[in-house]
1. Kindly check whether there is at least one residue in region A:82-92 that is surrounded by fewer than 16 Cβ atoms within 10 Å (Cβ to Cβ), over 21 Å from the mean Cα position of the chain (by Cα) and touching a residue at least 24 places away in the same chain (Cβ under 8 Å).
2. So B:Ile72 passes all but one of these: (1) in contact with a helix residue (DSSP H, G or I) (Cβ under 8 Å, 6 or more places away or on another chain); (2) within 12 Å of chain A (Cβ to nearest Cβ). Which condition number does it fail?
3. Using the structure shown, decide if B:Pro211 is in contact with a strand residue (DSSP E or B) (Cβ under 9 Å, 6 or more places away or on another chain) and either at pLDDT below 95 or on the phi < 0 side of the Ramachandran plot (or both).
4. Only strands (runs of 3 or more DSSP E) wholly contained in region C:175-249 count here; list those with 2 or more residues that are in contact with an Asp or Glu (Cβ under 7 Å, 6 or more places away or on another chain).
5. Give the residue, chosen from B:Ala159, B:Ala141, that is part of a helix (DSSP H, G or I) and in contact with a Cys (Cβ under 8 Å, 6 or more places away or on another chain).
6. Answer with yes or no whether B:Ile79 is more than 9 Å from every other protein chain (Cβ to nearest Cβ) and either within 30 Å of A:Glu11 (Cα to Cα) or modelled with pLDDT under 90 (or both).
7. Which ones in region A:126-180 are of a type in the set (Phe, Trp, Tyr), touching a residue at least 60 places away in the same chain (Cβ under 8 Å) and within 14 Å of chain B (Cβ to nearest Cβ)?
8. Cβ-Cβ under 8 Å, sequence separation 6+ or interchain: first residue in region B:7-30 and more than 7 Å from chain A (Cβ to nearest Cβ), partner in a helix (DSSP H, G or I). Which pairs?
Amino acid sequence: MNSKITDYIIEKIIFLCGIIAIVFVVLIFGFLLKEGFAFFKEYGVFNFIFGKYWYPSSNPASYGVFSLIIGSLLVTLGAAIIAVPFGIMTALFIAELAPKGIRDILKSIVELMAAIPSVVLGFVGMVTLVPLVRSVLDIPTGLTAFSGSIVLGFMAMPTIVSISEDAIRSVPWQYKEGAFALGATKWQTIRRVVLKAAMPGIIAAVMLGIGRVIGETMAVLMVTGNAAAIPSSIFDPVRTLTATIAAEMGETVRGGLHYRALFGIGLVLFTITFLINFIADLFLNKKR
Amino acid sequence: MSFKLSPKLSQQIAYTLLVISTIIVIVPVLTVIVIIIKNGWSALSWEFLTTMPKDGMRAGGILPAILGTLAIVSCAICITLPVGVCAAIYLNEYAKDNLLTRIIKLAIVNLAGVPSVVYGLFGLGIFVMLLGFGVSILAGALTLSIMELPVIITTARGALSSVPYSFREASWSLGVSKWQTIRRVVLPNALPGIMTGAILSISRISGETAPILFTAAAFYVPHLPKSMFDQVMALPYHLYIISTQIPNMPKNIIFGTALVLLLMVLSMSLIAIVARLYFRKIRKW
Amino acid sequence: MVDKIKVENLSCFYSGKQVLKDLSLTVEKNEILSIIGPSNSGKTSFLRTLNRMNDMNVNFSRKGDIFLDNDNIFDMNPEKLRTRIGMLFAMPIPLPMSIYDNIAYAPKVLGLKNKKNMDEVVEQSLRDASLWDEVKDRLDSSAIKMSGGQQQRLCIARILAIEPEVILFDEPCSGLDPISTAKVEEAMLKLREKYTIVLVTNNVKQASRVGTRTAFFLMGELIEIDKTRNMFLTPKNKLTEDYITGRFG
């Protein structure tokens, strides 16, 4: 009977942990909502989102994140343009063409790529890519949205490659066999049958990659120049939403308006990434 | 007459493009690793790993940063692994399949994609301020564990649900209770998956900077941490500081620091990758 | 004849959809009751209700009662019940451990036997399932590597090790070749001396070979139940006759 009691206790502990995990999920939502909304109420959502000027230390301070949103979008767009085509093509190569041994090696490298800390990539980007961009393009500084896009495109790659590869590999072989039977070449089959069948998964992969890029902090902080102004081109310095939080949180007065403005940015980021992940999840489930 | 490539030729071109793109993706990874090893190798020494920084961090070692990261990460994983695995067991094995459970599962999956800097904000608000832990190992570890919880839960659930349902039924049909079935049949078979997931999590949180930026990490602490409520130096944050905030920093020390961090993180990932391949090979079902 | 199991007005539902309709029957002690019927006729649902495996399905609900030796099974501890009513599934499900551990698993967890007796339990169970001679030299090897027929007999041995009173067979030969099927049937007939058996089968011939009595299910209803010989020679219901002569199903 003693073991019955231990069983009972262990099951209760498991339930408790489940509840703790759930409580924290709710807590994160609730906390960001509370802090963010307190700020919105005081400053106004419209002024916050569409305000052009982020001058937290001038008097009176202004907290318009429009330029930061543009900065994030620009860097993200650039990263996507780099990462999406190369990512999908690499996924195709790994899934459809590479022999088994090479496939395992490539997949391991892609996974290692995902493991490199963003601060390390930011540093390497800063000392190699940034001077290169500056001298090749002959612009005053290499700390630009363009450099950020390259580093971030690289960081989105593992997500896009591995999830697309899963999607491509899970296309039933009967589909391919049907196409072969009709005399299609392997490439025609890949292009017309495999890519089409794997599309929901590939879309999800792209969205998750983009989600990662939007949320990326340290690398962009180190290579984009952090100028809180609306850029005129991709070769201007920009400042992103994430970098703003990371750079300024240390200097704010705890509980002050600036402090809460940063929580407002946090809420915006949370909402964007949560939505992106949610939609990606829908695509992933559609695949099955 | 319109110009049209023969199927054979277009296949040739397409394949070449795929190979080139794979090379373009792979080469930078290797380049980054090579650059860091080449420039950082000269700084690596026993002294570098085991002494305190000197001359405003421009000389000496990085011991406090290494120890700080070890302290934060080991605390974090000790919190998040048991809670996460138990939560995964609850969600996968016990929770009724109703709307609430589905919402919770969905929320957990999607929380894994929330930016780490947002978790940093949360940790600052809850652990540093509200609960009054201050900027400390404890606050940083709790922040990282909350951040990693969704990932651990998701990988552990994956490992649990990869154990065939029929094993559970066979066990139940012999009069074995639900928990005993989990303990003796489900968990032993899910363990490799859970452990590789855990190692990858350790690797990931070791390299995270944004969540500890305002919850645990200090610019410079002249002594080693004495309690859970101390601020500490941490390797990723230290790298950020010396590469951006300190002028005239000797390059080889920065690269050396990056190399130590990279070795820590990549070796763990490599262990996880190899372990996973191994367990997949010997898996019995 | 003594009634081992008595089913009274049993109705079962999955997510509100009725799969068994007001079913009443008895299973006599030491008989083999074969249940035949086309797929989706509720045979397996019935079987899984007898040892309350359906409790594990949250969408399941039922009305009516089942008695085992005059005790209502729905008042019993389901785990205790399952040690009295063992179940063999359609596909053999060896657990991913050695042959020995597969047999010893349940007795060990349930605390039935001490270590010394365990060897005897394993040997006796394997002998009763007609498997001992084939595996006695490799008890430590993985059960997953056995052939399908051996795996199914291992699963029988595993049930015997917990010494149940009733054994439920859920289409136990559906994945097996004729020779393996014959071996499982042989084991079943031997088991009849000690146990009460309920056999669900898609194979009408199998029912005629091993069944003491046979019940015919159709669309969740019990159409007919009788001595196997009577049922196959002079079925009372036209539907039964059509089914066993192969006109539908």
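The values are calculated or read from the model by the stated rules, or taken from the named source; none is laboratory data. If you're wondering where the values come from, they're calculated on a predicted model, not measured in any experiment. We place every Cβ from the backbone using ideal geometry, glycine too, and count neighbours over all the protein chains shown.
1. Taking region A:82-92 first, the residues surrounded by fewer than 16 Cβ atoms within 10 Å (Cβ to Cβ) are A:85.
Right, trim to over 21 Å from the mean Cα position of the chain (by Cα) and you get none.
No.
2. Every listed condition holds for B:Ile72 apart from (2).
3. On the way: in contact with a strand residue (DSSP E or B) (Cβ under 9 Å, 6 or more places away or on another chain): no; either at pLDDT below 95 or on the phi < 0 side of the Ramachandran plot (or both): yes.
No: the conditions fail for B:Pro211.
4. Working: elements: C:196-200, C:213-218, C:221-227.
Hits in region C:175-249: C:196-200, C:213-218.
5. Details: B:Ala159 fails: in contact with a Cys (Cβ under 8 Å, 6 or more places away or on another chain).
It is B:Ala141.
6. Details: more than 9 Å from every other protein chain (Cβ to nearest Cβ): yes; either within 30 Å of A:Glu11 (Cα to Cα) or modelled with pLDDT under 90 (or both): yes.
Against the criterion (more than 9 Å from every other protein chain (Cβ to nearest Cβ) and either within 30 Å of A:Glu11 (Cα to Cα) or modelled with pLDDT under 90 (or both)), B:Ile79 qualifies.
7. Step one: list which residues in region A:126-180 are of a type in the set (Phe, Trp, Tyr), which gives A:146, A:154, A:173, A:175, A:180.
Adding the requirement that they be touching a residue at least 60 places away in the same chain (Cβ under 8 Å) leaves A:146, A:154.
Within region A:126-180, just A:Phe154 meets the criteria.
8. Every condition considered, the pairs that remain are B:Leu30/A:Ile109.
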